4 protein chains.
Amino acid sequence: MSRSIPDTEPSILADLAAASRILAKRGVVDAFGHVSLRHPVDSNLYLMPSAQAPALTTPGDIITYTLNSDALNSGTRSNFIERFIHGEIYKMRPDVNSIVHSHSASVIPFGIIKKPMVGTFHNAAFLANGAPIFDIREKFGQTDMLVCDCAKGIALAETLEDKHVALMRAHGSVACGKNLQLSVFRAVYTEVSARIQTATVMLAGSDSIEPLDQEEGRLADAVNDTACKRAWRLWRNEILMEVGW
Amino acid sequence: MSRSIPDTEPSILADLAAASRILAKRGVVDAFGHVSLRHPVDSNLYLMPSAQAPALTTPGDIITYTLNSDALNSGTRSNFIERFIHGEIYKMRPDVNSIVHSHSASVIPFGIIKKPMVGTFHNAAFLANGAPIFDIREKFGQTDMLVCDCAKGIALAETLEDKHVALMRAHGSVACGKNLQLSVFRAVYTEVSARIQTATVMLAGSDSIEPLDQEEGRLADAVNDTACKRAWRLWRNEILMEVGW
Amino acid sequence: MSRSIPDTEPSILADLAAASRILAKRGVVDAFGHVSLRHPVDSNLYLMPSAQAPALTTPGDIITYTLNSDALNSGTRSNFIERFIHGEIYKMRPDVNSIVHSHSASVIPFGIIKKPMVGTFHNAAFLANGAPIFDIREKFGQTDMLVCDCAKGIALAETLEDKHVALMRAHGSVACGKNLQLSVFRAVYTEVSARIQTATVMLAGSDSIEPLDQEEGRLADAVNDTACKRAWRLWRNEILMEVGW
Amino acid sequence: MSRSIPDTEPSILADLAAASRILAKRGVVDAFGHVSLRHPVDSNLYLMPSAQAPALTTPGDIITYTLNSDALNSGTRSNFIERFIHGEIYKMRPDVNSIVHSHSASVIPFGIIKKPMVGTFHNAAFLANGAPIFDIREKFGQTDMLVCDCAKGIALAETLEDKHVALMRAHGSVACGKNLQLSVFRAVYTEVSARIQTATVMLAGSDSIEPLDQEEGRLADAVNDTACKRAWRLWRNEILMEVGW
């Protein structure tokens, strides 16, 4: 607490709180899960709501953390146990400025099977170069599955490597982006693409499908840099209509 | 009626009625199903709503029952036929203080097949040590499938044994917990995990999946003791906003 | 129009119009489909809404038909092309007093495959003695699939025989009951059971499942005679809250 | 802009904007996708909303385009990148007066597998004569998947040929009709039929199903010319109730 905390614009706090509610509204998070943002002023800090159901988040719930995931101003508010996911990815990935951690029902199957997620269509192009699986057992043996300290966060970040999405065995997933709009977009379309892939495999088996190839994925994902703004405008507006911020 | 009935705090009655509506809102129950609570003052009694669609339950509908499932104060209100599920489990399982009985659509398949439910992720960790199937035919032959007396309730409780969830062939399931929040949480995540497992099997078959192992399940389920409070706060708040209690 | 039409109690008209909206609200019908009621006063007549999306039906839209499906008081209102489904089943089945025709998405698959629907749980017990498939091609060759005259209605009724539900190849299904509450209940739980059976087959294949056997089905369906009233109270109340009748 | 633009009746603009919202409400489009209408006065022009999430479209957002997809009156409003889909189909198909482009989740699988869509029931009869797959790779190699110029629009239109629906590999689909009501109806029931076909294949495999044959499809699709008006009345009314136009 001895460190001075840079100011954050109210609109940033509102957008981050709205992102929590957007993810809840679209079924990516339920009572659990979280979204964070690297601090716009100090890249060695990040912003994240206090521990509660994302659908209840307000701008006043946003806490500032160091990249070691120490809270600078939590006060009486609780910290998410798994905030280390965020801090350690921010450390290892300077290109990432926003992260979503979720347990969305359509994505979890891909973390407990051996067949890879694919990019089923252009909006899910960021999956075309793969989504590695983090199995916490490999380094930490029998655990409660939670990424509850820096060491586990580092292991997850190492699995993520340079990808946009990592799956977590019997737990959930992580989606990253260079800004809040893109990480939310990727979390949503990871869920959508998981549903599409499941239906595709049911129809045709795993071997005969023709999803995006790597180069198509790279080209289409570039378009999503702007496409995500259009989705954000729709989703952000829905929250604004409901809560007035 | 000759027995004196201990008072119940209004907030307990409201929470139990709200639990009925939470389960309806989240698709665990439809027009049928019920949730009960061991009496907080007298452990030889339990509280349960009168027979009606759970979405219509109010605090004034809660009836007090003996563990033999005799109503102490039903008056003109109807008793659920299957209340014996609750009474007999409370008798056999002193650690259980709340029970949900439901027929949720994603769970029923697991009662009519031979492949076991697994714990697909940490929130469903309570399934990692198994969910036994109660087949009413084994002891009672051809019936209307209902657990409508003590003998059938005992048979179900014996199948449940020391587990948290029991499946009922061609009928539904039961989820238990040491408190109301935990039984509701387990009922919800049994449904969620059933959906996840179904998608997983579609993607990869039954043999190659890697769900929680038993020890991971035990460790992760301990976390759910507190996680269920966070979910409850969200779900309870939704009901409060709707009905004002 | 020369025939005098017996009066119908306003509450009957309201209930039948509400049934249309209940079926729409629960996903059994979309913009199409219809529910009818044998006339409570004259068993040689039946009541059915005019041709429009069920979700828009009001009590003032109910028309009286002869069992030949001639409208007695349609006036400027349109008749459903497929009203012959209703008239011909009422003729052949004196035990049936209400019929639902729908194209619900989970049920249609069972009309275009060779594997029978089963009773997956007690609420769907009426399926345990089978749901025959009406293939309009067999008698009528290439058609627009619609049951648009008495001859086609008779053929469908003959396929239905003494069952509660008939499937119509590449079209939809019919659910019958001795009263309005029961036909609506059966239409809803045919849809629910279809979803459950689909998931079950995905999990375990068709051969190893253990649904209700015939005698269990018979016993459990008797309970649904009263269970359907509880569901109706919930569903009817939802419509009342919305439209005030 | 030098060309004079024919007037469009306000009710046409309102209906086209409402069509965007209908498609969003029914899950055919999410933040993306678009619907257009050939200009009722000048068949060498078409009307289409400006680039934004369809659920936000208002009558004031409708832009007039030439069949080369040059905007005549966009002003400060953005044009959809993929408007060339519309212009080129209008050029090649004088019978088509309205087009929907969408990425609905149940349809995408059919664009990345080799098994054809079928007409699962009468409302999807327009699929009985096939839905060809446009694979942009064949002519254009590695792309961002978007139909972003006339050449790509022509290639898509050539794949569509005389059909009502074309699938686009790893992207989405296109549905056409002779009027707005029919293109919207076909977009909705392409999605519904995709879901039904997926469930059917899960239940029975691809080989043993009995969907509409070609002649049944032709006959049943003729009925949809009027059926789509009934669906439109329901769907249009929902939007009217929400936005007042």
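The values are calculated or read from the model by the stated rules, or taken from the named source; none is laboratory data. Quick caveat: nothing in here was measured; it's all calculated off a predicted structure. Ideal geometry is used to build each Cβ from the backbone, glycine not excepted, and the neighbour counts take in all protein chains shown.
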Would you be able to say whether some residue in the stretch A:214-227 is out of contact with any Gly (no Cβ under 7 Å at 6 or more places or on another chain), surrounded by fewer than 18 Cβ atoms within 10 Å (Cβ to Cβ), without any contact (Cβ under 8 Å) to a residue 40 or more places away in the chain and not charged (D, E, K, R)? yes
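Go through the stretch C:78-110 and give me each residue that's more than 27 Å from D:Ala124 (Cα to Cα) and either out of contact with any Asp or Glu (no Cβ under 8 Å at 6 or more places or on another chain) or among the charged types (D, E, K, R) (or both). Walk me through it before giving the result.
Within the stretch C:78-110, the first condition is being more than 27 Å from D:Ala124 (Cα to Cα), and the residues that meet it are C:90-98.
Hits for the stretch C:78-110 are C:Tyr90, C:Lys91, C:Arg93, C:Pro94, C:Asp95, C:Val96, C:Asn97, C:Ser98.
Can you tell me which residue is nearest to A:Ser183 (Cα to Cα) among those in the stretch A:31-50 that are assigned to a loop (DSSP other than H, G, I, E, B) and within 14 Å of chain B (Cβ to nearest Cβ)? Explain how you work it out, then say what you get.
Initial filter on the stretch A:31-50 (assigned to a loop (DSSP other than H, G, I, E, B)): A:31-33, A:39-44, A:50.
Still in the running and within 14 Å of chain B (Cβ to nearest Cβ): A:31-33, A:50.
On the way: A:Ala31: 19, A:Phe32: 17, A:Gly33: 13, A:Ser50: 19 Å.
Within the stretch A:31-50, the match that is nearest to A:Ser183 (Cα to Cα) is A:Gly33.
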Go through the stretch D:209-224 and count every residue that is more than 7 Å from every other protein chain (Cβ to nearest Cβ) and either under 20 Å from C:Met117 (Cβ atoms) or among the acidic types (Asp, Glu) (or both). 2
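Determine whether C:Val28 is out of contact with any Phe, Trp or Tyr (no Cβ under 9 Å at 6 or more places or on another chain), modelled with pLDDT of 95 or more and part of a loop (DSSP other than H, G, I, E, B).
yes
If you go through the stretch B:203-210 one residue at a time, do you hit one that is among the small types (Gly, Ala, Ser) and within 14 Å of B:Ile22 (Cα to Cα)? Don't jump to the end; show me each part of the working.
So the first thing to find is which residues in the stretch B:203-210 are among the small types (Gly, Ala, Ser), and the list is B:204-206, B:208.
Next, from what is left, pick out any that are within 14 Å of B:Ile22 (Cα to Cα): none.
Within the stretch B:203-210, none of the residues are among the small types (Gly, Ala, Ser) and within 14 Å of B:Ile22 (Cα to Cα).
Here is a yes/no grid of residues against (1) out of contact with any helix residue (DSSP H, G or I) (no Cβ under 6 Å at 6 or more places or on another chain); (2) buried (at least 24 other Cβ atoms within 10 Å of the Cβ); (3) within 11 Å of chain A (Cβ to nearest Cβ); (4) over 30 Å from A:Glu238 (Cβ atoms):
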{"site": "D:Leu13", "(1), (2), (3), (4)": "no, no, no, no"}
{"site": "D:Leu16", "(1), (2), (3), (4)": "yes, no, no, no"}
{"site": "D:Ile81", "(1), (2), (3), (4)": "yes, no, yes, no"}
{"site": "D:Pro109", "(1), (2), (3), (4)": "no, yes, yes, no"}
Select from the stretch D:38-51 the residues that are buried (at least 17 other Cβ atoms within 10 Å of the Cβ) and closer than 14 Å to D:Leu16 by Cβ and list them in ascending order. D:Arg38, D:His39, D:Leu45, D:Tyr46, D:Leu47, D:Met48, D:Pro49, D:Ser50
Is it the case that C:Ala170 is closer than 30 Å to B:Glu82 by Cβ and not in a strand (DSSP E or B)? no
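Could you say which residue among A:Ser193, A:Ser206 is in a loop (DSSP other than H, G, I, E, B) and within 14 Å of chain D (Cβ to nearest Cβ)? Steps first, please.
Working: A:Ser193 fails: in a loop (DSSP other than H, G, I, E, B).
On inspection, the qualifying residue turns out to be A:Ser206.
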Among (1) within 24 Å of B:Pro94 (Cβ to Cβ); (2) surrounded by fewer than 24 Cβ atoms within 10 Å (Cβ to Cβ); (3) more than 9 Å from chain A (Cβ to nearest Cβ); (4) not β-branched (Val, Ile, Thr), the one test that B:Met241 misses: (1)
Condition first: of a type in the set (Val, Ile, Thr), in contact with a Lys or Arg (Cβ under 8 Å, 6 or more places away or on another chain) and surrounded by 21 or more Cβ atoms within 10 Å (Cβ to Cβ). Now tell me which residues in the stretch B:140-191 satisfy that. B:Val165, B:Val188
Filtering the stretch B:111-139 for residues that are more than 17 Å from the chain's Cα centre (by Cα) and closer than 19 Å to C:Thr120 by Cα leaves a count of 9
Options A:Ala199, A:Ala187; residue that is more than 9 Å from chain D (Cβ to nearest Cβ), part of a helix (DSSP H, G or I) and more than 19 Å from D:Gly33 (Cα to Cα): A:Ala187
Subset of the stretch D:132-168 [more than 13 Å from every other protein chain (Cβ to nearest Cβ), under 23 Å from A:Asp213 (Cα atoms) and among the aliphatic types (A, V, I, L, M)]: D:Ala151, D:Ala155, D:Leu156, D:Ala166
Would you be able to tell me the number of residues in the stretch C:51-83 that are assigned to a loop (DSSP other than H, G, I, E, B), without any contact (Cβ under 8 Å) to a residue 40 or more places away in the chain and in contact with a Phe, Trp or Tyr (Cβ under 6 Å, 6 or more places away or on another chain)? 2
Any residue that is assigned to a helix (DSSP H, G or I), within 28 Å of B:Ile196 (Cα to Cα) and in contact with a strand residue (DSSP E or B) (Cβ under 8 Å, 6 or more places away or on another chain) - is there at least one of those in the stretch B:135-152? no
